Amino acid sequence: MFQPKFSGKPVAILSNNDGCVISRSNEVKVAGIPMDAPAFQIKEMVKEMNVQLNFSRKLSYGLSICLILFEHFLFSHPVTMTNYIDKVA
């Protein structure tokens with residue numbers, strides 16, 4: 001879990017494009033909020049249960065992973081132009 005502060009609390013993740021539930025915690029499942037439910041249809045249940053709604057962060061997590069990999073390979077596998085030219089030639 002990327003945000004431990006939400007552990008044990010009702011959390012639902014909404015899609016970025018249409019605002020439908022794409023992931024949910026066990027607490028939200030037990031409450032009966034279905035997958036693919038649009039946010040406007042579950043508005044009352046969200047208020048009653050104090051459900052934390054978040055949007056999908058696929059892009060930001062993907063970029064974070066790419067940055068970590070880039071930094072790892074940049075510092076652990078230094079490449080110089082001399083090495084590159086020797087391999088091409």
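The values are calculated or read from the model by the stated rules, or taken from the named source; none is laboratory data. Everything numeric here is computed off the predicted structure, so don't read it as measured data. Neighbour counts are summed over all protein chains in view; Cβ atoms, including those assigned to glycine, are modelled from backbone coordinates with ideal geometry.
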(request) Please specify each residue of the stretch 8-41 satisfying the condition of being modelled with pLDDT of 90 or more, surrounded by fewer than 16 Cβ atoms within 10 Å (Cβ to Cβ) and in a loop (DSSP other than H, G, I, E, B). (result) GLY32, PRO34, MET35, ASP36
(request) May I ask you to say which residue of LYS58, LYS5 is modelled with pLDDT of 65 or more and under 22 Å from the mean Cα position of the chain (by Cα)? (result) LYS5
(request) Just need a number here: residues in the stretch 1-27 that are within 18 Å of LYS47 (Cβ to Cβ) and of a type in the set (Asp, Glu). (result) 1
